[in-house]
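Visitor: My questions will all concern the structure given below.
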2 protein chains.
Amino acid sequence: MTTSFETLAQQFRAQGHKLTQPRRAILRTLLATPKPLSPAEIQERGQKLYGDLGLVTVYRTLELMETMGVLRAVHVADGCHGYALATPGHTHHVVCERCHDVVEIVGCDLGHFLDRVAETTGYTITGHWLEISGICPACQRQQAR
Amino acid sequence: MTTSFETLAQQFRAQGHKLTQPRRAILRTLLATPKPLSPAEIQERGQKLYGDLGLVTVYRTLELMETMGVLRAVHVADGCHGYALATPGHTHHVVCERCHDVVEIVGCDLGHFLDRVAETTGYTITGHWLEISGICPACQRQQAR
DNA sequence: TTCGCAATTGAAAAAGATTTTCAGTACAGA
DNA sequence: TCTGTACTGAAAATCTTTTTCAATTGCGAA
């Protein structure tokens, strides 16, 4: 469940994309924190790794990574959202509503429920998007003081 | 699961909000379609009911209704999103990825799973956001031609 | 029914977010 | 080492959302 730079790099190459310095900076920035980051935050932090990182490039790279399935938009409480790495496949995010840390989890037990949804609605179910909100252990400790 | 104009109007009054002509137009517009609508679409359609409907008022009213729990942002495939009415309480949306119709469903069977997520991550779970995508019966019939 | 207050409104302006353009650069394969 | 094309970023443009402020209106009280 923890992605490495090399894993991501490999996925870029596997799909015929160049691994440029701006892109390396973006990948390292996303890997450096468990928090979802906005495009502007990614640019700001990424520029510490590659001084010329442009905001347009950040937008383009995030879109590419979303298409590759290695990154996902994450919603924080008030609707504003950032991006967090995601392991391709059936994974979901748990987001701390205090500090916004994100944890990835695998699977979600919705199988039978989705079958029933198909029955009652007549829809052919093709997918789902689940995000869980909560309070992380560190914020729980902080709150108990 | 089907909200009426009167139900919504009652909820406005119950929280001390005025039921103005712009707001009536917005409510009727949202009730008139099962599709999620963008603020601009709500304004465009709402102006057929109240000619002076301003976009700012649409934004303010949508925010108010979200706060009241009677409306929710809905994500369509490419991330752009609209707003759809939602019955307060434990309900989720099923969204057709062809025509973007939305159906509301109650409950979701995640109880035990969320317990397990709490165990494995250490998070105190406070809520979740689930959206199911599929193909509605009408689009299935269309596709079978 | 009338009045008054404060919530509500919408145009204009501003701010924020995202995309497009285009000339220059750089990555990777030959 | 060379070359082609993917990639880049500044500038401009577009889109989305919010703020300002004077005017309007809904509703409760009299």
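Visitor: So for the range B:1-144: antiparallel DSSP bridges make up what percent, rounded to the nearest 5?
Guide: Numbers: 11 of 15 bridges.
Beta bridges within the range B:1-144, antiparallel portion: roughly 75 percent.
Visitor: Taking 7 Å along the Cα-to-C-beta vector as the label spot, tell me the B:L49-A:H112 distance in nanometres, rounded to one decimal.
Guide: Those two pseudo-labels are separated by 4.1 nm.
Visitor: Which value in nm describes the separation of the simple spin-label points at A:V56 and A:T91, placed 7 Å from the Cα toward the beta carbon?
Guide: Calculated label separation equals 3.1 nm.
Visitor: Still on this structure: Normalised radius of gyration for the range A:32-76, please: alpha carbon Rg relative to 2.2 N^0.38 Å, two decimal places. Please list the in-between numbers first.
Guide: Values: Rg = 10.6 Å, N = 45, 2.2 N^0.38 = 9.3 Å.
In units of the globular-protein estimate, the range A:32-76 measures up at 1.14.
Visitor: Sequence neighbours fewer than 8 away in the same chain don't count; with that in mind, list the lysines whose C-alpha is under 18 Å from A:K48.
Guide: Here the lysines satisfying the reach criterion relative to A:K48 are A:K35.
Visitor: Set the Förster distance to 30 Å, then compute FRET efficiency between A:C99 and B:E41 from the Cβ-Cβ distance, nearest 0.05.
Guide: On the way: r = 36 Å, r/R0 = 1.19.
The formula returns an efficiency of 0.25 here.
Visitor: Then there is this: Quick query: amide H of A:R98 versus all other amide H atoms, modeled in the peptide plane; which residues come in under 5 Å with a sequence gap of 5 or more or a different chain?
Guide: HN-HN under 5 Å from A:R98: A:C136.
Visitor: Counting only Cβ atoms, what residue of chain B lies nearest to the axis that sends chain B onto chain A, and how many whole Å off?
Guide: Per the Cβ-to-axis criterion, the result reads B:L130, 2.
Visitor: How would you rank A:H128, A:H75, going from fewest to most other Cβ atoms within 10 Å of each one's own Cβ?
Guide: Numbers: A:H128 21, A:H75 18.
With the fewest neighbours first, A:H128, A:H75 line up as A:H75, A:H128.
Visitor: Sticking with this structure for a sec: Compute the relative contact order of the range B:1-90 as a whole-number percentage, counting only Cα pairs closer than 8 Å that sit 6 or more residues apart in sequence. Display every interim value, and only then the final one.
Guide: Numbers: 97 pairs, mean separation 25.4, N = 90.
Across the range B:1-90, relative contact order equals 28 percent.
Visitor: What trypsin sites (Lys or Arg not before Pro) in the range B:1-53 are in a loop by DSSP, with at most 12 other Cβ atoms within 10 Å of the Cβ?
Guide: Answer by residue number: B:K18, B:K48.
Visitor: Report the Cα-based extents of the protein assembly as shown along its three principal axes, largest first, to the nearest Å.
Guide: 61, 57, 42
Visitor: Okay, next question. Using a basic spin-label model with each label point 7 Å from the Cα along Cα→Cβ, how many nm lie between B:T33 and A:Q21?
Guide: 4.8 nm
Visitor: What does the structure give for A:85-94 when I average, per residue, the other chain Cβ atoms found within 10 Å of the residue Cβ? List each step's numbers first, then the result.
Guide: Values: counts 0, 0, 0, 0, 0, 0, 0, 4, 0, 9.
For peptide A:85-94, the averaged partner shielding equals 1.
Visitor: Using square roots of five times the C-alpha gyration tensor eigenvalues, list the equivalent-ellipsoid semi-axes of the range B:5-143 in whole Å, biggest first. Show your work: numbers first, answer last.
Guide: Details: eigenvalues 171, 88, 32 Å².
Working through the eigenvalues yields semi-axes of 29, 21, 13 Å.
Visitor: Using each residue's phi in the range A:56-71, evaluate 6.51 cos²θ - 1.76 cosθ + 1.60 at θ = phi - 60° and report the 3J(HN,Hα) Karplus result to the nearest Hz, with x for Gly and Pro.
Guide: Ordered by residue, 3J(HN,Hα) equals 4, 5, 4, 4, 5, 5, 5, 5, 4, 5, 5, 4, 6, x, 9, 8 Hz.
Visitor: Next up: Residue-wise, which Karplus ³J(HN,Hα) couplings in Hz belong to the range B:131-138, taking 6.51 cos²θ - 1.76 cosθ + 1.60, θ = phi - 60°, and x for glycine or proline?
Guide: 9, 10, 10, x, 10, 6, x, 5
Rule-based calculations on the coordinates, nothing more; no lab input. These numbers were taken from a predicted model, which means no experiment stands behind them. Methodologically, a virtual Cβ is constructed for each residue, glycine included, from the backbone with ideal geometry; neighbour enumeration extends over all protein chains shown.
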